[in-house]
1. For the chain, state the average projected area of the convex hull of the C-alpha atoms over all orientations, rounded to one decimal in nm².
2. Would you calculate, for the chain, the mean residue ellipticity at 222 nm contributed by helices, counting each DSSP H stretch of 4 or more residues as -39,500 (n - 2.57) and dividing by all residues, to the nearest 500?
3. Rounded to the nearest 20 Debye, what is the dipole magnitude of the chain about its Cα centre when Lys and Arg each give +1 and Asp and Glu each give -1 at the C-beta?
4. Take every Cα pair under 8 Å in the stretch 1-154 that's 6+ residues apart, average their separations, divide by the length, and report that relative contact order as a whole percent.
5. Can you tell me what share of the DSSP beta bridges in the stretch 28-155 is antiparallel? A percent to the nearest 5 is fine.
6. How far, in nm, would the chain grow between Arg117 and Arg265 when pulled straight, counting 0.36 nm per residue and subtracting the alpha carbon separation?
7. Tell me the angle of helix 72-81 to the major Cα principal axis of the chain, expressed in degrees between 0 and 90 and rounded to the nearest ten.
8. Normalised by the number of residues in the stretch 141-209, what is the relative contact order in percent for Cα pairs under 8 Å and 6+ residues apart?
Amino acid sequence: MAEFHAGGPARLADLLAPAIASAAGRGTPLIAGLTGPQGSGKSTVAAELPSRLAEAGLRAAVLSLDDLYLPKAERQRLAREVHPLLATRGVPGTHDVALGLTVIESLVSQGQTLVPRFDKGTDDRMAREAWARVVGPVDVILFEGWCVGAWPQPLVALVEPINALERERDPAGVWRAYVNDALAGPYQALFAPIGFQILLRPPGFEVVLGWRLQQEHELRARGGGGQSDAEIATFIQYYERLSRHIDAEMPARADMVIQLDAERRVVEASGVN
């Protein structure tokens, strides 16, 4: 167990890169799962890591769970046929698991891989012409996302709603049961190849709203539009149940747990040599 009092994506990438390189040294290709709640900085850190891993002679590619969201039309179909809350991207059941498996398999093989991109501004998948192109095979896939590597909840945990969204819009538990079933089924196949699991852990779910609001305010300052504060407060309720579950169960099995403070500074790290 090591203690740190430093922050920033570059500092965190410096901390993670040697551990990932060491794990890759035991055999490649390595799928490294990088998990953390909204606003924790995982996407920024993931973008920093390939250059550091290159210094260790490793070719790395980033795959974001967010880029695997189902197209808007498909989520709208799920909203009509299963539950209206499935129109909103985020939870298990709103990603294209088959696409994710195909991309992972292709990245560790010879040849070019098209890595999908999702446009959160239009809430839809980008055209294939805009997808990233990666020539494989790569040694490391940095698979980042808010619920990457998560396990489903026991059914008894689904009975009681945990926030206003669930109480008011999913009183019968249809949505949360669908999400949990998806996580227990197809998503476990997507997460099964992960050979090194990293968890960015907040001091509590209560800070996630502040982190997410900060992101949205920065987006607005750059002229990127975005959601209102009230909309963000509702949006994170879609993520709350599974985020709290991950925080409770994943630390015991993750290869690295990075404890963050409210300012996203690293204050403690387990699994560091």
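1. On the way: hull surface 56.9 nm².
About 14.2 nm², averaged over all directions.
2. Values: 10 runs with 110 residues, N = 273.
Calculated at 222 nm, the ellipticity per residue is -12000 deg cm²/dmol.
3. On the way: 27 positive and 33 negative charges, 84 e Å.
So the dipole magnitude of the chain works out to roughly 400 debye.
4. On the way: 235 pairs, mean separation 49.5, N = 154.
With pairs under 8 Å counted, the relative contact order is 32 percent.
5. Working: 8 of 19 bridges.
Antiparallel: roughly 40 percent of the beta bridges in the stretch 28-155.
6. Working: separation 148, 0.36 × 148 = 53.28 nm, distance 2.87 nm.
Gain on extension, Arg117 to Arg265, equals 50.4 nm.
7. Here the helix axis deviates by roughly 40 degrees.
8. Values: 25 pairs, mean separation 26.2, N = 69.
RCO, the stretch 141-209: 38 percent.
Only the coordinates and a few stated rules stand behind these numbers; no lab work does. Note that the coordinates shown come from a computational prediction; the quantities given were computed from them, not determined experimentally. Note that we place each Cβ from the backbone using ideal geometry, even for glycine, and neighbour counts take in every protein chain shown.
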